[in-house]
Amino acid sequence: MAVHAVRSPTTHLHGGISGNLPPSNRNPNAVIRFGYGSSKRNRLVSLSASLREGDGRGKESSVRAVEVKKILEDSPLLPKPLSSNQLAETVSNGSRVRVAYQGVRGAYSESAAEKAYPNCEAVPCEEFDTAFEAVERWLVDRAVLPIENSLGGSIHRNYDLLLRHNLHIVGEVKLAVRHCLLANHGVKLEDLRRVLSHPQALAQCENTLTRLGLVREAVDDTAGAAKQIAFEDLSDAAAVASAKAAEIYGLNIVAEDIQDDTDNVTRFLMLAREPIIPGTNRLFKTSIVFSLEEGPGVLFKALAVFALRQINLTKIESRPLRKNPLRASGGLKYFDYLFYVDFEASMADEVAQNALRHLEEFATFLRVLGSYPVDTTML
């Protein structure tokens, strides 16, 4: 049965959220997109250039900062992140793939979404939960969310959300992370006293920030830190964020590649409402989650079903079973866990199917999160 939705006239802003037009300007057929040639973009670039002309931090600089803030707040190039209470107000225009990511414009997640789905309409969301919900409610087509970083480890929140929501992993994308130290124009390195960024980004640049003697302040995301530096016209603070964030928010790159390790890579998952049909024509990866009864050697037996069939495990992550985190056995209490495992095999392969049949014999719970092509590219 086909379900048809009646939509009120809206204007779809480039990069994300659609907003209602004023009554006098409503046109049922109008779709407004602002590209890089828009007048507001030109005003922003022009104003950013004027900020570079002087190093003074006086009245003139403050006036310019206020103007920058107003343009950024009004600009459709910088949509406000989607929050959970706005989900019902957002609709797709049906033209391009809409991809949800967590953060604001300039976030590494936005770059990952654009790598995964070139020419997509990237939709910023305030929280990871919101991105999951946006896909479930058919408000976007996909979500691209981080799951692990080569330096910082796993993003535990997203592991928990994978189980809570009924979405499927349909792909992965790996993004090389190159952190920059961003400040307002006219601010020199010796002027800096503190640095703002996401906790993982701060941890990934620990050696550099310690050497500079900067006090670290954690915020929700890297691009959000850059936005705050620009909006508040801070003269004693910098942000750890991407070069793209510097361009968007009119900031100066004080230092490049400040991460402690050059091999700083974040792996993102591509999520959809429906699974893809796994194939055997290329390298595939399968992600599962399962739980086990308490007992000696039970986890060994679970992992042995893959080793016996020469299936390579690429990731194992344990998370507490939230509804029943403790289990009593023999007068003792044990932590109860869920195990997330990634292995290199397609569910189209009989050997992978046999491995999961074997695992089902002693697993108390088993769910396939997705079987999808391996990302073999790197930026």
Just checking, which of Ser92, Ser84 is modelled with pLDDT under 50, farther than 27 Å from His179 by Cβ, open to solvent by 10 Å² or more (accessible area, probe 1.4 Å) and within 17 Å of the chain's Cα centre (by Cα)? Ser84
Output the residues belonging to the stretch 119-139 that are under 21 Å from Asp160 (Cα atoms), out of contact with any Asp or Glu (no Cβ under 8 Å at 6 or more places or on another chain) and open to solvent by less than 30 Å² (accessible area, probe 1.4 Å). Cys125, Thr130, Ala131, Phe132, Ala134
Among the residues of the stretch 165-178, is any within 16 Å of Ala112 (Cα to Cα) and in a loop (DSSP other than H, G, I, E, B)? yes
In the stretch 331-379, the residues that are of a type in the set (Ser, Thr, Tyr) and modelled with pLDDT under 95: Tyr334, Tyr337, Thr364, Thr376, Thr377
Meets criteria (free of Cβ contacts under 8 Å to residues at least 40 places away in the same chain, among the basic types (Lys, Arg) and within 20 Å of Glu110 (Cβ to Cβ)) for Arg211: no
Residue check, Val219 of a type outside the set (Gly, Ala, Ser), open to solvent by 30 Å² or more (accessible area, probe 1.4 Å) and touching a His at 6+ places or on another chain (Cβ under 7 Å): yes
So, in the stretch 103-118, exactly how many residues are open to solvent by 30 Å² or more (accessible area, probe 1.4 Å) and either over 11 Å from the mean Cα position of the chain (by Cα) or under 22 Å from Glu274 (Cβ atoms) (or both)? 4
Leu182 being under 30 Å from Leu214 (Cα atoms), open to solvent by 20 Å² or more (accessible area, probe 1.4 Å) and either in a loop (DSSP other than H, G, I, E, B) or in contact with a helix residue (DSSP H, G or I) (Cβ under 9 Å, 6 or more places away or on another chain) (or both): no
Among Phe290, Phe300, which is the only one that is surrounded by 14 or more Cβ atoms within 10 Å (Cβ to Cβ) and of a type in the set (Phe, Trp, Tyr)? Phe290
Quick check on Arg142: is it outside the structural domain of Ile288 (by the TED database), free of Cβ contacts under 8 Å to residues at least 60 places away in the same chain and open to solvent by 20 Å² or more (accessible area, probe 1.4 Å)? no
Check the stretch 173-196 and report whether any residue there is without any contact (Cβ under 8 Å) to a residue 60 or more places away in the chain and not charged (D, E, K, R). yes
Filter the stretch 150-179 for residues that are open to solvent by 10 Å² or more (accessible area, probe 1.4 Å) and in contact with a helix residue (DSSP H, G or I) (Cβ under 6 Å, 6 or more places away or on another chain); the one that is farthest from Gln259 (Cα to Cα) is His165
Odd one out for Val305, checked against (1) buried (at least 19 other Cβ atoms within 10 Å of the Cβ); (2) within 27 Å of Lys174 (Cβ to Cβ): (2)
Filter result (of a type in the set (S, T, N, Q) and closer than 21 Å to Ser197 by Cβ) within the stretch 107-129: Ser109, Ser111
Suppose we filter Ala238, Ala302, Ala201, Ala226 for residues that are assigned by the TED database to the domain that holds Arg367 and either among the basic types (Lys, Arg) or farther than 30 Å from Arg137 by Cα (or both); which single one remains? Ala302
Quick count over the stretch 193-211, residues being touching a strand residue (DSSP E or B) at 6+ places or on another chain (Cβ under 8 Å) and surrounded by fewer than 21 Cβ atoms within 10 Å (Cβ to Cβ), is 5
Among (1) buried (at least 20 other Cβ atoms within 10 Å of the Cβ); (2) within 30 Å of Asp342 (Cβ to Cβ), which single condition is Ile248 missing? (2)
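The values are calculated or read from the model by the stated rules, or taken from the named source; none is laboratory data. Everything quoted here is computed from the prediction, not taken from an experiment. Glycine also receives a Cβ, built like all others from the backbone with ideal geometry; neighbour counts cover every protein chain displayed. We work out accessible area using only protein heavy atoms, side chains counted, and drop any ligands, DNA or RNA first. Shrake-Rupley method; radii C 1.70, N 1.55, O 1.52, S 1.80 Å.
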